[in-house]
Each structure stands twice: as C-alpha cells, then as structure tokens.
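For reference, the structure is listed below as structure tokens.
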Amino acid sequence: MKKERLSASFITGVIALVFLIIGYQTALFIHKAAVMKVTAERDHPDTVYIVAEDPRADRLPPQARREWSGEYGGEGRGRQYGGGSGSGDKAYSGYAGKAYRVESPHEKPVQEARATFRERRTVENFVFDPNTVSVADLRRLGFSERQAQAIDKYRQAGGRFRRKSDFAKSYVVDDSVFQRLAPYIRIPRIDLNRADTALLRTLPGIGKYFAAKIVEYRDRLGGYSYPEQLLDIYHFDREKYDGLSDLITVGHTTPFPLWTAPEDILAAHPYIGRYGAHGIIVYRENTPRDSLSVRGIRKAGILPPENAERLGRCVIAAP
C-alpha cells in the first residue's frame, strides 16, 4: 500500500502560516517598542546629575532634592549631564560636590512598556546603605522596580534597617540576593554625640522617654566619651545596652575642661557634684600644673572611687 504524500499546496500553506505568525509577533513587538520610544521622547528623558553643594539645590527635581545629601556617589564637579527638553534645570559649574544618579519620572505608558519589555540589565555590586540608597541604585543592584519601590515605601513609612539581618528579613530580598549583597552593605552606627531624639528612637528598646534621657545626659556630660556611659542613665540596664551596643558609637567629643572650668560647671558634671567641685578647685590651687591628674583627685579622696574611675575614662582637656 503506498503512503500518501502531502500536497505541495498544503506544505506551502503551512509555511505561509508559520511566517505569518512570526511576522505578526514581530510587528506587535516593534509597534509596542515604537510607542514606548515615541512616548519617552515627548516625555522627560533619563537624566544623570552631578550636583554641587550649592544654595540653588531647591531648583533640582523633587527626587534630586531628596538625595541632596550626596551619599550615593563620589566626589565630582557641579555639572548636569543629560537633561534635554523638559528638564528645566540649568547646568551648574565651578562647584565641588557629590555625584548621584536621578531618573526623571515618566508617563504611565512608558512605565508599562518598560515593565512589559524589560531589557536585560547588568547587575552591579557596590557599597550601599539600605536606609538611604536610591530606588535607581536599588535597580542597579538587581532589584525589580516593584521590589525597589517596596523597600522605599517601607523606609518612607518610618522603617529602618538596623542591621544586615534586618535587610535579609525583608520579603522582597531573596536569600541568594542577600548573600551576594551582604559584603557590600554598610549601615553606619548611630553617633551618640550627634543623634537627635528621632534617630535615637530607631534603636531597639529606645522610646520617647529614653531618647530624651540620652540627650539630656549627653548635655550634662558635655558629650559622651564612651558608649557604656548609657548605663549611668536611671533604669538603663545591661540588657537594654547589650541589645543596641553594636548599633551605636561615640564620635568626636569636646574634651571636658576639668582643670580650667569654674566651680559651677564642675558641679553640674554627673561624676563630680557640688562637694567634688569645691574639692577639685582646692586641689587645682595647691597642685603644680604639670602634676594635675584624675588619679591625684582619686588619691586625695575628693571623689568616690567609682566616680573617679568614670571620670578617668572621660576625654579630659590637657592642663
């Protein structure tokens, strides 16, 4: 029995149908890509600003003003790259400043087209702080637009990543992504001598009451000399301290003028008091300048041993 052969017209029809399908898909893709391009060209183009720390910062777009701290790039000169029609910002020149990247907002058709035809992006690795990194730089790190926006929304709602592990717990950060980015995460410690009450309240276990007490005690000390001084605050126990010790630091402290301050200033210091202040004045008047020391104050019995020890750990101005 002979096998029936497909007719030439049938084969031709099948080939024509295949080419028709391919052509239709190609035309559809080109059409949507063209729409995106046309829409983008009548919209704001993507712009990269390298901006100086100049009083005219209020002339930048809102997103650029939010990033005015300049933490997202290296040192640069104050010039604008890109821009084009619709940017409305003049170039800056002659000012030293910080460089950072800002993407202009686009109309909804452009955003939808980009989401549909997302081009392959080269994932980058660079040092960043998850509390301040821009949405654009989150995209460079490999996050999708939706993921980057979710992280930004969390921060805008008052959320803060205290540790690397907090960033890992975010539902938009996959384990594999965190493993890749972990070596590049830098979350600055909170400086007890610079932080305001709002920043202090982001620390675990620190509410409105203790944030105010930390600032109040800082004023009495003239600045913290070492983090453990938090334990001097009433009801600030070791458990509370251990829960945040890895998140804090003590920056520059103005040395306390122990050897020159008047009696009332000495009396206000929490380790000295009124009785100790008078004793230190007497000690200063009867001791050669080159022999003045906290050890001498302790040896003379002017301060209780525990207070003399605490004072000895403070940053003291030279005699």
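Are there helices (runs of 4 or more DSSP H) fully within segment 258-319 with at least 2 residues that are within 17 Å of Gln229 (Cβ to Cβ) and in contact with a Phe, Trp or Tyr (Cβ under 9 Å, 6 or more places away or on another chain)? List them. Talk me through it step by step, then tell me what you get.
Working: elements: 263-268, 273-285, 294-299, 305-312.
Of the helices (runs of 4 or more DSSP H) lying wholly inside segment 258-319, those with at least 2 residues that are within 17 Å of Gln229 (Cβ to Cβ) and in contact with a Phe, Trp or Tyr (Cβ under 9 Å, 6 or more places away or on another chain) span 305-312.
Here is the figure for segment 238-262: residues that are surrounded by 13 or more Cβ atoms within 10 Å (Cβ to Cβ) and among the charged types (D, E, K, R) total 1. What tally of residues in segment 159-182 results from selecting those that are under 26 Å from Val250 (Cβ atoms) and over 13 Å from the mean Cα position of the chain (by Cα)? Summing the residues that are under 26 Å from Val250 (Cβ atoms) and over 13 Å from the mean Cα position of the chain (by Cα) in segment 159-182 gives 2. Within this structure, Ala211 passes the test of being at pLDDT 95 or above and either more than 21 Å from Thr249 (Cα to Cα) or surrounded by 16 or more Cβ atoms within 10 Å (Cβ to Cβ) (or both). In segment 164-211, counting only helices (runs of 4 or more DSSP H) that sit wholly within it, the ones holding 3 or more residues that are of a type outside the set (A, V, I, L, M, F, W, C) span 164-168, 175-181. Taken together, the residues in segment 143-163 that are open to solvent by less than 80 Å² (accessible area, probe 1.4 Å), in a loop (DSSP other than H, G, I, E, B) and among the charged types (D, E, K, R) amount to 2. For segment 263-280, the set of residues classified as surrounded by fewer than 16 Cβ atoms within 10 Å (Cβ to Cβ), free of Cβ contacts under 8 Å to residues at least 40 places away in the same chain and not charged (D, E, K, R) consists of Ile265, Tyr275, His278, listed by residue number. Filtering segment 206-213 for residues that are among the hydroxyl-bearing types (Ser, Thr, Tyr) and more than 30 Å from Ala157 (Cβ to Cβ) leaves an empty set. Report yes if Ile187 is of a type outside the set (Lys, Arg), open to solvent by less than 50 Å² (accessible area, probe 1.4 Å) and under 30 Å from Asn125 (Cα atoms), otherwise no. Considered against the rule, which asks whether it is of a type outside the set (Lys, Arg), open to solvent by less than 50 Å² (accessible area, probe 1.4 Å) and under 30 Å from Asn125 (Cα atoms), Ile187 comes out as yes.
For Thr253, indicate whether it is β-branched (Val, Ile, Thr) and in contact with a Ser or Thr (Cβ under 7 Å, 6 or more places away or on another chain). Explain how you work it out, then say what you get.
Details: β-branched (Val, Ile, Thr): yes; in contact with a Ser or Thr (Cβ under 7 Å, 6 or more places away or on another chain): yes.
It is true that Thr253 is β-branched (Val, Ile, Thr) and in contact with a Ser or Thr (Cβ under 7 Å, 6 or more places away or on another chain).
With within 19 Å of Ile190 (Cβ to Cβ), open to solvent by 70 Å² or more (accessible area, probe 1.4 Å), modelled with pLDDT of 95 or more and not aromatic (Phe, Trp, Tyr) as the only criterion, which of Glu216, Glu228 stands out? Steps first, please.
Working: Glu228 fails: open to solvent by 70 Å² or more (accessible area, probe 1.4 Å).
From the options Glu216, Glu228, the qualifying one is Glu216.
Contact map, segment 209-221: residues that are closer than 16 Å to Val315 by Cα paired with residues that are open to solvent by 50 Å² or more (accessible area, probe 1.4 Å), Cβ distance under 8 Å, separation 6+ or inter-chain. Pairs shown: Arg220/Ala268.
The values are calculated or read from the model by the stated rules, or taken from the named source; none is laboratory data. Since the model is a prediction, treat every value here as computed from it, not as a measurement. Here Cβ is always computed from backbone atoms with ideal geometry, including for glycine, and neighbour counts include all displayed protein chains. We work out accessible area using only protein heavy atoms, side chains counted, and drop any ligands, DNA or RNA first. Shrake-Rupley method; radii C 1.70, N 1.55, O 1.52, S 1.80 Å.
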